[in-house]
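The values are calculated or read from the model by the stated rules, or taken from the named source; none is laboratory data. What you are looking at is a predicted structure, and each value in this text was computed from that prediction instead of being measured. Here Cβ is always computed from backbone atoms with ideal geometry, including for glycine, and neighbour counts include all displayed protein chains.
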Amino acid sequence: MSQPIPVTVLSGFLGAGKTTLLRHLLQAEHGLKLAVIENEFSDTPIDGQLLGSAPVEVMTLANGCVCCSIHVELERALYLLLDKLDSGELAFDRLVIECTGLADPAPVAQTFFADDELCSRYVLDGILTLVDAANAERHLQEPIAQAQVGFADRILLSKTDLVDAAHVEALSQRLQRINRRAPIRVVEHGCIDLAELLDIRGFNLNADIGPALTLRPLLPAASTPDRIATLVLKSDKALDLGRLSTFMERLLDEHGNSLLRYKGVLSVAGEDRRMVFQGVLRLYGFDYDSPWAADEVRESVLVFIGDNLPEAQIRQGFAEASH
């Protein structure tokens, strides 16, 4: 069986520059054979020829990249691309999915966890969210725009040339309060180093908790206007596996639909290896990772990005899981 095809999900509010970034991806000298699934709600489609009457239309571009315009559910387009790949009709080694500006990335991400065949043939590499620096304050009044930021593995700031440095700094602080896991990068007219976009491995089950905990301390928000926020839990005490399981089951049962993304690296009592887990809403996975080094401080860290999570209740539940 060949290696799974890495999938990048491109999210962002209307007018943030997703199509401009897609053009850069398709035209860059990277030697990759990209497939792009583009939905019909784009305000400026990649190519007008794609928007025909067929439910799914596929066109190969001159450089070998593939564009797929869909008017049906995502699963059908994914299977269609696999059929064409397996038959030799198409050749591609990566897939980019552009969400509509008003779309929640969660159902797209869940597609790659919920279907066994899609799980085996594709691997979700990362969610990229574009944020329009000039209009972010207005956009972020919408819960869906906050959710797009919360789901991101990379936050890409566009149109920074239209605002001053103080505005960019204040916006960056706000975005970090929403999502502390995702690095923030600037996109200039759709151009950015492809290394920032590909091979992110944001959904790999490993002990890399991401840059969330190495960021400079955030300035306290006088009154945060955002429903979505990051909650970081830490403990230097070993965790009791039974109590930890009870804590997570209760959290998912009560707040699963509000947990956008979460990841943890845990020190479990009586276990020499790290336990790692991560999830999207109610779908999650966990495993044991590398052993703790003899001279290493064993610290458990959980990062939750959620919608109006009850912080005090969650902190208390986590504290009760300590051994």
Exercise. Between residues in region 1-16 that are within 14 Å of Gln148 (Cβ to Cβ) and residues that are part of a loop (DSSP other than H, G, I, E, B), which pairs lie under 6 Å by C-beta distance while being six or more apart or on different chains?
Worked result: Ser11/Cys99; Phe13/Gly101; Leu14/Gly101
Problem set entry | Flag for Val276 being of a type in the set (A, V, I, L, M, F, W, C), out of contact with any helix residue (DSSP H, G or I) (no Cβ under 7 Å at 6 or more places or on another chain), within 25 Å of Ile178 (Cβ to Cβ) and surrounded by 14 or more Cβ atoms within 10 Å (Cβ to Cβ) | yes
Problem set entry | Residues (at pLDDT 90 or above and of a type in the set (Gly, Ala, Ser)) located in region 203-235 | Ala229, Ser235
Exercise. Is one or more of the residues making up region 201-211 outside the structural domain of Arg282 (by TED's automatic domain parsing) and closer than 18 Å to Gly12 by Cα?
Worked result: yes
Exercise. Does region 162-188 hold any residues that are among the aliphatic types (A, V, I, L, M) and closer than 23 Å to Arg201 by Cα, and which are they?
Worked result: Leu175, Ile178, Ala182, Ile184, Val186, Val187
For this session: Give the residue that is surrounded by the fewest Cβ atoms within 10 Å (Cβ to Cβ), with candidates limited to residues of region 279-302 that are touching a Lys or Arg at 6+ places or on another chain (Cβ under 8 Å) and either among the aromatic types (Phe, Trp, Tyr) or not assigned by TED's automatic domain parsing to the domain that holds Ser235 (or both).
Result: Tyr288
Exercise. For region 254-291, what are the residues that are aromatic (Phe, Trp, Tyr) and closer than 13 Å to Leu239 by Cβ?
Worked result: Phe277, Phe286
Problem set entry | Residue check for Leu95: touching a strand residue (DSSP E or B) at 6+ places or on another chain (Cβ under 7 Å), free of Cβ contacts under 8 Å to residues at least 40 places away in the same chain and not assigned by TED's automatic domain parsing to the domain that holds Phe304 | no
Exercise. Failed condition for Leu302, given (1) within 25 Å of Asp125 (Cβ to Cβ); (2) outside any strand (DSSP E or B), with all others met?
Worked result: (2)
Exercise. Is at least one residue of region 91-100 among the polar types (S, T, N, Q), under 23 Å from Val280 (Cα atoms) and either at pLDDT 80 or above or touching an Asp or Glu at 6+ places or on another chain (Cβ under 9 Å) (or both)?
Worked result: yes
Exercise. Counting just the residues of region 164-192 that are among the β-branched types (Val, Ile, Thr) and not in a loop (DSSP other than H, G, I, E, B), which one comes out nearest to Leu231 (Cα to Cα)?
Worked result: Ile178
Exercise. Which of the residues spanning region 242-276 are under 16 Å from Gly306 (Cα atoms) and assigned to a strand (DSSP E or B)?
Worked result: Leu259, Leu260, Arg261, Tyr262, Lys263, Gly264
Problem set entry | Boolean, Val56 is under 23 Å from Leu140 (Cα atoms) and either modelled with pLDDT under 75 or assigned by TED's automatic domain parsing to the domain that holds Leu156 (or both) | no
Exercise. Taking region 108-122 as the region of interest, how many residues are surrounded by fewer than 23 Cβ atoms within 10 Å (Cβ to Cβ) and within 20 Å of Arg181 (Cα to Cα)?
Worked result: 2
Problem set entry | Residue count for region 231-269, restricted to those that are closer than 16 Å to Tyr288 by Cβ, exposed (fewer than 14 other Cβ atoms within 10 Å of the Cβ) and touching a strand residue (DSSP E or B) at 6+ places or on another chain (Cβ under 6 Å) | 0
For this session: Among residues belonging to region 310-323 that are within 26 Å of the chain's Cα centre (by Cα) and buried (at least 19 other Cβ atoms within 10 Å of the Cβ), point out the one that is farthest from Val268 (Cα to Cα).
Result: Ile314
